[in-house]
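Undergrad: One structure is given below, represented as structure tokens, and several questions about it will come after.
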Amino acid sequence: MKSSFLESLLWQVAAITITLLFVTPLLWVVTNSLRPVGLPPPRTLEWLPQPLAWSNYSTIFHLIPLGRQIGNSILVSTVGALLTLLTASWAGFAMVQLPKRWQGWLVGLAIILLMVPSAAVWLPRYVIFTLLGLIDTYTALFAPAFMGTKSLYVLMFYWTFRRVPQELFESARLEGASALLIWRRIALPMAHPTALAVLLLTFTHYWSDFVDPLLFIKSEERYTLAVGLRMLQQMAVTNWSLLLAAVMVMTAPVILVYLIMQYFIRNESPLTRLLRG
Amino acid sequence: MSRQQVLFFSLLVAFLAACTTIQAPTSPVAEEGAVFTELTFLISGDPTDQTAYQTLIDAFSTEHTDISINLINIPSGGDFRKRLAADFAAGTPPDVFLINYRHLGHFFAANAVEPLTDYLAASTLIRTDDYYAEALTAFQWQGKQMCMPQNISSPVVYYNKDLFNAAGIAYPSDDWHWDEFVTTAQALTQDQDGDGTADIYGLGMEATIVRAAPFIWMNGGEILDDEAAPAGLALDSPESKAALAWFVGLQTEHHVVPNAVAEEAESSLSRFVNGRMAMFVDSRRAVPEFRLIESFDWDVAALPVSQQRASVLHSDAFCMAAAGQQQDATWAFIEFASGVEGQTILAQTGRTVPSRKALAESESFLDPNAKPANSRVFLDAVPGMRHLPLMATWSDIEGIVSKHIENAFYGIETVDEAIEAANQQSAEFFPVP
Amino acid sequence: MQQNEGLLDSVILRKKILAFWHNRHVSSYQLELGLLLTPFLLGTAVLLLLPMLLTIFLAFTSYNAFTPPQWNGLQNFITIFQRDVFWIAVRNSLVYVSFSAPLQLLGALLLALLLYHQRYGVREYRIAAFLPSVIPEVAYALIWLWIFNPLYGPLNKLLGWVGLPEQAWLVNTATALPSLIFMSCFRLGEGMFVLIAALQGIPPAYFQAAALDGGSRWQILRHIILPLLTPWLLLLLLRDILLSTQSSFAPVYMMTEGGPGYATMLLPYLIYDEAFSHFRLGHAASMLLVMFVVMGILLWLVYRLLGGWGYTDEI
């Protein structure tokens, strides 16, 4: 189908209008996070406040221990992401080499687990973590990484490794290599895009996680950024410039990671896209 | 190192990090040689409170060098109570915590709080006679003194003197009536730019049972049918209902209080602090924040009365967890905090009305050089002061009743509907007769 | 000499062991694979399967986390069914999911139809449309709390600028829940990408054939594109319905706490409140169970209603 110039133009207008709808709120947040504290509330729509108060971004660090919370978030997200990379790729790697019947069962299990919303397990996990003495530890936050965070990540590695010729694993095994060695030397290097995608996705997953720290973390010094934002909301109820500045501090890294994924990971399967949820 | 090696080592580091965080929960490192007691102390307050309690702890530590106290502050009251309940549930309660009596019944009923009666009897430093009985009784459960009240506060009317002056209205008298209160608030509510919504409100008032309670009592009404053996609410008596209707009418009828939209847009507290609200009802706890106000002059007045004087106790107490392992050290701290020195430190923040009678009457509290000038109204309120019911399910009942008072206050329900709904929903939380 | 014999013995022994090891090698490798699979299986058992069983058990007990759970049969269900608030929450949750899930899907479909062609700038437009979906949920809730602020929020300022009447949004019982549904509609990035991929997977021959037959754009959409997308649409719809149980929590918690009145009281928040404010974990577990039964019925209904519609393998 050949599209005329007019059609292209119409398309561009439609696309720009719609994307503006999606981006404008975020732009508002950016500009209003720079609105000087203490100005009377705006009377009309303000696109760009005058003057720009960059100091809002340093003020929030004094109001709540934001630096500490960013550190905690980075710690939990990094450990969670790396641990997930291990467990999910191990599981996917092992699954590919199991007998076909078992593979079927495990893939089925993983797909069913995919359908379990996290809301179903908040309460019982709290009870279990209490019994295990994990309440108020970082471990409670990245505990899901021990099961690959989400079974989808396991499936992603499974699908990736299935595309690798199985003879490669076979011959290495016959030469006496252990499973761990084959995983590290042969399997993982061939799954670079998947590994990177899983790393970035799990990092943002743990970075954004709100409910788990809300339920499981009690000490202020172990709060992550998500709970910190809630704390700031409680402390500076009407101070929107500061709240929005904190919102940007939490959101900017996630957007950055997302842009990295968009521009550096190509040839994704449609299912790769699914995993964010 | 190759890329794979980098990857592998970073994975290894992550795994080790994961394992060490599992193995090493935050156990305090005891100093070698010294017998060292470490206590946790949980509070809920703003940064000013936190500083005040840290000062208290520091003063205590200079006397008790063998005891160190770890102060934990949860700014939001709701989060604080969740945290406290979770700590008790997990079997790791704080050694000592500061909490309002309204949220204690549940813990008393579960035997989670250590009674202080015996400690008090043995104490050489503090005597119960030194404290206001109105505050002590709110923390008594089955004949035992469970916690040591730190303050005896109550709601008063904070008012912006400049706005009163500008409107040419006399400051509130000590025995003003409900009607006078309403006309004053009406005269102070102003729509300056004529857009139909007020720019300056006459009054700010939380729509909760805590705020409504003194007005119900002033009118001869009750909250519960039987204080000793409650079987239900008594808000549908004519006296209670009339008081609630008047309370709710401040917003729905007289519009002297911000409506839901205005309150959502900017809280009453913020309006008062920014000089755009003439009167604001709150307890003593607002004082430290209001002392920072430079743009206008302010003072406090008593609540307006109707048939009789009444007030409601606002009091926090130091409580000791029954499951605590270091109860002697914990008591030493509670004793210190309740003593002259401890209460003086806290009174200096301006936040508390001391529960020690002599201290409340002294210049530590009635400091003529510190705002509010009329601090005496807090003490004048003591004789007519009552406390909200102490029952295991009170926080549930209070939540339900407050929710419906709020609904009525902002016009979502009528007063009758609100009372009916509150009766119905709270029924399951009263003991079956 | 004896030493040598000893040495010889040990050498033989080693060879024997190695031979044995070699014969057993396949199964030892299987064992290693099993070990690699263990974290996933064990984690799943402890963090997903055990919790689900525990929920079912707790639903029939009285448990306050202070004292061990006590069996009390159906009492929890009797108690929660007698509460108005519970039924209000069930109704609100059903309203929420019946609007937010289809609207998200519709939005995702429209965006996918607009943005699946390769055109100038299409990649950037897709990225822009995905942006709201990557914002962490706490941050997203705060942003919208600000946008909806009835006096100072940009949404009302925008309406005033255009000349439309301002709304009270989250403060009015009539508009609070629709406001939450509205803000959820912008988080449709994943659906959009799945549908773009699905659209790109449709062989161009279908379109060409239809165009030759003189089919209008609407006819092509109705008779070719939609039937081919149906399995994807159904999958996404079921997923959105399930995810609404977790995605609706943060907005309610951060923005409305169920109010005004009970206008935005949704089941996830009510369950959280029951469990973690009042520590009636038994009640909360029974509500959780009811929530998933209701969700199950809803999923089944959607599946039955849409499963047969338009989906034909023969195309």
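Let's see how each residue does on (1) at the interface with chain C (Cβ under 10 Å from one of its Cβ atoms); (2) in contact (Cβ under 8 Å) with a residue 60 or more places away in the chain:
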position: A:V107; (1), (2): no, no
position: A:I128; (1), (2): yes, no
position: A:A145; (1), (2): yes, yes
position: A:L155; (1), (2): no, yes
position: A:Q166; (1), (2): no, yes
position: A:E170; (1), (2): no, no
position: A:R184; (1), (2): no, no
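Undergrad: What number of residues within the stretch C:273-284 are facing another protein chain (nearest Cβ under 7 Å) and within 22 Å of the chain's Cα centre (by Cα)? Explain how you work it out, then say what you get.
TA: Step one: list which residues in the stretch C:273-284 are facing another protein chain (nearest Cβ under 7 Å), which gives C:275-279, C:281, C:284.
Adding the requirement that they be within 22 Å of the chain's Cα centre (by Cα) leaves C:275, C:284.
Qualifying residue count, the stretch C:273-284: 2.
Undergrad: Checking C:H223 against (1) more than 20 Å from C:L305 (Cα to Cα); (2) modelled with pLDDT under 85; (3) not β-branched (V, I, T), only one condition comes out false. Which one?
TA: Unmet for C:H223, out of (1) more than 20 Å from C:L305 (Cα to Cα); (2) modelled with pLDDT under 85; (3) not β-branched (V, I, T): (1).
Undergrad: Which residue, of A:S118, A:S151, is touching a Ser or Thr at 6+ places or on another chain (Cβ under 9 Å) and crowded, with 24+ Cβ neighbours inside 10 Å?
TA: A:S151
Undergrad: Here's a follow-up. Here is a list of conditions, (1) of a type in the set (A, V, I, L, M, F, W, C); (2) crowded, with 16+ Cβ neighbours inside 10 Å; (3) modelled with pLDDT of 90 or more; (4) over 18 Å from B:I43 (Cβ atoms), and B:A121 meets all of them except one; can you say which number that is?
TA: Among (1) of a type in the set (A, V, I, L, M, F, W, C); (2) crowded, with 16+ Cβ neighbours inside 10 Å; (3) modelled with pLDDT of 90 or more; (4) over 18 Å from B:I43 (Cβ atoms), B:A121 violates only (2).
Undergrad: Which fully enclosed helices (runs of 4 or more DSSP H) of the stretch C:97-164 have 1 or more residues being within 14 Å of chain B (Cβ to nearest Cβ) and farther than 26 Å from A:H205 by Cα?
TA: C:154-162
Undergrad: Same structure, new question: What tally of residues in the stretch C:221-251 results from selecting those that are assigned to a helix (DSSP H, G or I) and within 30 Å of A:L229 (Cα to Cα)?
TA: Count: 12.
Undergrad: Here is a further query. Which members of the stretch A:200-240 meet the condition of being surrounded by fewer than 20 Cβ atoms within 10 Å (Cβ to Cβ) and closer than 30 Å to A:V164 by Cα?
TA: If the condition is that a residue be surrounded by fewer than 20 Cβ atoms within 10 Å (Cβ to Cβ) and closer than 30 Å to A:V164 by Cα, then A:L200 is the only one that fits.
Undergrad: Find all pairs meeting these conditions: Cβ atoms under 6 angstrom apart; at least six residues apart or on different chains; first residue within the stretch C:83-105 and closer than 13 Å to C:I181 by Cβ; second residue of a type in the set (D, E, K, R).
TA: From the stretch C:83-105, the pairs are C:A101/C:D240; C:Q104/C:D240.
Undergrad: Restricting to the stretch C:134-153, give me the number of residues that are among the β-branched types (V, I, T) and surrounded by 24 or more Cβ atoms within 10 Å (Cβ to Cβ).
TA: The qualifying residues number 2.
Undergrad: Look at the stretch C:112-123 and say how many of its residues are touching a Phe, Trp or Tyr at 6+ places or on another chain (Cβ under 9 Å) and in contact (Cβ under 8 Å) with a residue 40 or more places away in the chain.
TA: 2
Undergrad: Being assigned to a loop (DSSP other than H, G, I, E, B), closer than 20 Å to B:V273 by Cα and without any contact (Cβ under 8 Å) to a residue 24 or more places away in the chain is the filter here; which residues of the stretch B:170-197 pass it?
TA: If the condition is that a residue be assigned to a loop (DSSP other than H, G, I, E, B), closer than 20 Å to B:V273 by Cα and without any contact (Cβ under 8 Å) to a residue 24 or more places away in the chain, then B:D191, B:Q192 are the ones that fit.
Undergrad: Say we look at the stretch C:1-53 and pick out the residues that are modelled with pLDDT of 65 or more and among the acidic types (D, E); which of these is surrounded by the fewest Cβ atoms within 10 Å (Cβ to Cβ)?
TA: C:D9
Undergrad: Within the stretch C:255-264, can one find any residue that is in a helix (DSSP H, G or I), of a type outside the set (V, I, T) and either in contact (Cβ under 8 Å) with a residue 12 or more places away in the chain or farther than 30 Å from C:V171 by Cβ (or both)? First the steps, then the outcome.
TA: Here is the first cut: in the stretch C:255-264, the residues in a helix (DSSP H, G or I) are C:255-256.
Going one step further and asking which of them are of a type outside the set (V, I, T), we end up with C:255.
This time we only want the ones that are either in contact (Cβ under 8 Å) with a residue 12 or more places away in the chain or farther than 30 Å from C:V171 by Cβ (or both), so: C:255.
Scanning the stretch C:255-264, I find at least one residue that is in a helix (DSSP H, G or I), of a type outside the set (V, I, T) and either in contact (Cβ under 8 Å) with a residue 12 or more places away in the chain or farther than 30 Å from C:V171 by Cβ (or both), so the answer is yes.
Undergrad: Then there is this: What's the total number of residues in the stretch B:300-349 that are β-branched (V, I, T), assigned to a helix (DSSP H, G or I) and surrounded by 24 or more Cβ atoms within 10 Å (Cβ to Cβ)?
TA: Qualifying residue count, the stretch B:300-349: 2.
Undergrad: Oh, and also: Counting only residues that are in a helix (DSSP H, G or I), surrounded by 14 or more Cβ atoms within 10 Å (Cβ to Cβ) and in contact (Cβ under 8 Å) with a residue 24 or more places away in the chain, which one in the stretch C:192-220 is farthest from the other protein chains (Cβ to nearest Cβ)?
TA: By that ranking, first place goes to C:Y206.
Undergrad: Still on this structure, I have one more. What's the total number of residues in the stretch B:179-193 that are within 17 Å of B:V156 (Cβ to Cβ) and surrounded by fewer than 19 Cβ atoms within 10 Å (Cβ to Cβ)?
TA: 1
Undergrad: Separate question: Run B:F280 past the list (1) more than 14 Å from chain C (Cβ to nearest Cβ); (2) farther than 12 Å from B:N160 by Cβ; (3) touching a strand residue (DSSP E or B) at 6+ places or on another chain (Cβ under 6 Å) and report the number of the one that doesn't hold.
TA: (2)
Undergrad: Looking at (1) at positive phi; (2) surrounded by fewer than 19 Cβ atoms within 10 Å (Cβ to Cβ), find the lone condition where C:A65 falls short.
TA: The single condition C:A65 does not satisfy is (2).
Undergrad: Check the stretch A:115-124 and report whether any residue there is in a helix (DSSP H, G or I) and more than 24 Å from B:A86 (Cβ to Cβ).
TA: Going residue by residue through the stretch A:115-124, those that are in a helix (DSSP H, G or I) are A:118-120, A:122-124.
Keeping just the survivors that are more than 24 Å from B:A86 (Cβ to Cβ) gives none.
Scanning the stretch A:115-124, I find no residue that is in a helix (DSSP H, G or I) and more than 24 Å from B:A86 (Cβ to Cβ), so the answer is no.
Undergrad: Of the residues that make up the stretch A:172-180, is at least one facing chain C (nearest Cβ under 10 Å), crowded, with 23+ Cβ neighbours inside 10 Å and more than 30 Å from A:W122 (Cα to Cα)?
TA: Yes: the stretch A:172-180 contains one or more residues that are facing chain C (nearest Cβ under 10 Å), crowded, with 23+ Cβ neighbours inside 10 Å and more than 30 Å from A:W122 (Cα to Cα).
The values are calculated or read from the model by the stated rules, or taken from the named source; none is laboratory data. Values in this document were obtained by computation on a predicted structure and should not be read as measured data. Heads up, the Cβs are rebuilt from the backbone with ideal geometry, glycines too, and the neighbour counts pull from every protein chain shown.
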